[in-house]
Each structure stands twice: as structure tokens, then as C-alpha cells.
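The values are calculated or read from the model by the stated rules, or taken from the named source; none is laboratory data. None of these values were measured; they are calculated from a predicted model. Cβ placement follows ideal geometry from the backbone for every residue including glycine, while neighbour counts extend to all protein chains displayed.
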Amino acid sequence: MRQNVSFKSHGEVIRGHLYLPENFDAGQKYPTIAVAGPMATVKEQSQGVFAKALAERGLIALAFDHRTFGESGGQPRQYEDPNSKTEDIQNAICFLCAHENVGSVGALGICAGASYTADALQGDRRVKAFGTVSGHFSLREALVSNPLATDEQKRVMYDRSNTARQRYFETGEAEPDDMLIPDMTEVPPAGADPFLAEQYDYYFCRVAAEWPNYSNHMVPFSYQQLARSHGLDYAGQITCPYLGIVGEQAFTKPFTERFIAAKTQGAAEMVVLEGGSHLRTYDTPDLVVQGADALSAFFKKNLGN
């Protein structure tokens with residue numbers, strides 16, 4: 001079953017989907033997972049896929065639209081702010097802890113959602129287990145330290161970000177654009193990086209038919225916020241058990257390895273999905289089954305059946 005739910009975060013209404021197990025008993029409490037998705041995505045995408053898969057395995061799971069995205073409130077629209085997203089996750093946990101059918105609470109982050117969730121879990125003793133799928137634990141490295149981007153390109157990005165923020169301050173106008181995720185108008189040529197073909201399929205080909213609430217555009221001054229986000233800084237502060245699900249071929253696999261190495265408190269382990277890439281782990285059926293099986297066993301072990 002799936003219920004439409006809502007809660008407040010920093011005064012704005014957050015819209016979510018609460019997935020319930022088959023044969024749900026309103027008189028019982030269940031282990032429950034708050035699921036945060038990749039950058040700029042909405043609850044119908046990978047976070048919803050994994051929330052549904054966890055519910056099919058006997059847990060309650062919440063997928064939701066962060067502020068300024070999808071059906072949730074907030075301005076400016078499409079503002080990717082790690083600090084705001086961290087606060088939304090904290091409030092999602094508050095919502096779950098207040099729910100009459102929620103027992104112990106865990107958290108799952110997918111791609112950038114892993115970094116935002118890691119930030120949210122610092123000092124939060126309510127969350128008893130933390131899992132990730134294709135965890136991208138450093139947006140700072142993706143933008144600022146990326147050797148594929150020249151210093152001139154980075155300067156241009158900062159200039160556009162600064163200009164857009166100043167305009168928003170002076171006029172209240174903030175138009176999302178393709179600075180952070182450039183539009184792809186045609187299939188990448190044969191021999192191109194396989195990630196480009198997967199990106200083209202996921203972020204451009206499937207959108208209109210599958211996720212009408214999604215837009216891959218963000219306001220340009222998201223860049224300044226993302227350039228400061230480094231989830232690896234939080235690993236040492238997280239004491240609950242951790243499980244990282246990664247694709248064998250995913251460019252984010254080393255981030256999970258580094259997060260585990262930096263996590264000095266509590267158990268930490270990794271499950272590698274054979275043949276999986278970064279984006280394929282989001283919703284490719286066989287990889288979702290493998291990932292959800294491992295995550296449900298992990299969460300039930302640490303949250304109770």
C-alpha cells in the first residue's frame with residue numbers, strides 16, 4: 001500500500017509517499033526507513049523504487065520531495081541546497097518517530113542523498129541504522145576538485161552562480177537552467193563513456209512518460225552550496241551500523257570505500273552488485289532486488305523484525 005502524507009520542514013509543506021507492508025496491521029509497529037534520493041530528483045524516482053521494495057520486504061518506508069522540488073513547497077524552485085535537504089531529512093525522521101505504526105527508524109540515502117543523510121545523522125540517536133545505494137559522499141570533489149573541469153570552467157560556474165544569486169536577492173527572480181546538468185539532445189556516440197548513455201536515458205529519455213514532476217534544471221546558485229558539501233567529513237560522527245550498496249562498475253564505489261574507512265564508530269560493510277553501474281542501481285529490476293534484499297536484512301537485523 002502507498003499513502004500520500006505530508007509534514008512541515010522550515011515552515012514549508014513536504015509531500016511524500018509512505019509505503020506500507022503487505023497485510024499491514026494498523027495495531028502493530030514496524031521498522032521504518034526514511035529514504036532520500038539523488039540530487040534534484042523526486043519521490044517517484046529511485047527513492048520511491050527502493051521505498052516500495054523495502055515495504056515489499058516487510059518494512060515501512062517514506063519517500064518524499066524535498067523543499068523546492070516536485071510537489072513540496074518552497075522557493076526558489078529547483079534549489080539544490082544540501083543544508084536545506086539535511087533539515088528536510090531530519091524533519092522526515094521527526095514525522096516518522098511521531099507515527100503510531102513506526103517502531104525503530106533507519107535511514108537510506110541514494111547518490112547525493114547519502115551525503116545529505118550522513119549530515120542529518122550526526123548526533124541523531126533516534127536512527128539505529130544507515131544504508132546507502134551508490135552513495136556520492138563528496139559533491140565538493142565532483143565540482144571543485146574534478147580534474148576534468150578546468151579552472152576557467154570553474155570560474156565561469158562561480159560567476160554565473162554569483163550573478164544568479166544577486167539577481168534573486170534584488171528581484172526575487174530565480175530561473176532554473178542547465179548549468180549543473182547540461183541538456184543532452186541526442187544519444188551519445190558509440191564508444192562514449194557508458195555513463196553518458198545511462199545519464200541520457202535516465203535524465204532525459206524517461207522523464208516525460210515516467211516522472212512528470214521531475215526537472216533536471218536547477219537554479220544556478222545551487223553551485224555554491226554544492227561546492228561546499230563533503231559528506232565524508234561526517235563519517236566519524238555516525239555511530240549506528242552502516243551498509244553501503246554499490247555497483248561493481250560505479251564511479252561512486254570508491255566513495256563508499258572511503259566512507260567506511262572514515263567511519264570510526266560502529267559497524268560498517270559494503271555489498272557490491274556484480275555488473276552494476278552507478279545509475280543502473282537506481283531502478284534496474286534485478287539490481288534493485290539484490291540491493292533491497294541486502295538492505296532489508298540489514299535493517300531488520302539492526303531495527304528489529
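The table for this structure:
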quantity	calculated
Close pairs from the range 266-293: first in contact (Cβ under 8 Å) with a residue 40 or more places away in the chain, partner surrounded by fewer than 20 Cβ atoms within 10 Å (Cβ to Cβ), Cβ under 6 Å, at least 6 apart	Ser277/Gln249; His278/Phe251; Leu279/Glu198
Count of the range 44-63 residues which are more than 17 Å from Ile93 (Cβ to Cβ) and part of a loop (DSSP other than H, G, I, E, B)	4
The range 77-86, subset assigned to a helix (DSSP H, G or I) and out of contact with any Ser or Thr (no Cβ under 6 Å at 6 or more places or on another chain), residue surrounded by the fewest Cβ atoms within 10 Å (Cβ to Cβ)	Asn83
Which listed residue is over 23 Å from Asn302 (Cα atoms) and either in contact (Cβ under 8 Å) with a residue 40 or more places away in the chain or in contact with a Pro (Cβ under 8 Å, 6 or more places away or on another chain) (or both), from Arg140, Arg155	Arg140
The range 141-174: number of residues that are of a type in the set (D, E, K, R), closer than 20 Å to Ala227 by Cα and exposed (fewer than 13 other Cβ atoms within 10 Å of the Cβ)	4
Where a residue in the range 95-110 is within 30 Å of Leu139 (Cβ to Cβ) and of a type outside the set (Lys, Arg) and its partner, wherever it lies, is modelled with pLDDT under 95 and surrounded by fewer than 24 Cβ atoms within 10 Å (Cβ to Cβ), with Cβ under 6 Å and at least six apart	Ser104/Gly304
Where Ala192 falls short, out of the listed (1) touching a His at 6+ places or on another chain (Cβ under 6 Å); (2) not in a helix (DSSP H, G or I)	(1)
Criterion: touching a strand residue (DSSP E or B) at 6+ places or on another chain (Cβ under 9 Å), under 30 Å from Asp283 (Cα atoms) and surrounded by 10 or more Cβ atoms within 10 Å (Cβ to Cβ) - qualifying residue of Asp183, Asp177	Asp177
Residue in the range 23-32 that is in contact with a Ser or Thr (Cβ under 8 Å, 6 or more places away or on another chain) and either within 21 Å of Ile181 (Cα to Cα) or hydrophobic (A, V, I, L, M, F, W, C) (or both) present	no
Options Ile14, Ile89, Ile60, Ile93: the member that is among the β-branched types (Val, Ile, Thr) and either modelled with pLDDT under 95 or surrounded by fewer than 24 Cβ atoms within 10 Å (Cβ to Cβ) (or both)	Ile93
Residues of the range 53-91 classified as closer than 18 Å to Ala114 by Cα and either in contact with a Pro (Cβ under 6 Å, 6 or more places away or on another chain) or charged (D, E, K, R) (or both), total	7
Test: residue in the range 204-218 that is under 17 Å from the mean Cα position of the chain (by Cα), in a helix (DSSP H, G or I) and either closer than 21 Å to Gln45 by Cβ or at pLDDT 90 or above (or both)	no
Count - residues of the range 242-288 that are hydrophobic (A, V, I, L, M, F, W, C), over 19 Å from the mean Cα position of the chain (by Cα) and not in a helix (DSSP H, G or I)	2
Only listed residue being small (Gly, Ala, Ser), closer than 28 Å to Arg67 by Cβ and assigned to a helix (DSSP H, G or I), chosen from Ala294, Ala235, Ala197	Ala235
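Here's the yes/no breakdown for (1) surrounded by fewer than 17 Cβ atoms within 10 Å (Cβ to Cβ); (2) at pLDDT 95 or above:
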residue	(1), (2)
Ser222	no, yes
Pro241	no, yes
Phe251	yes, no
Gln265	yes, no
Pro285	yes, yes
Phe299	no, yes
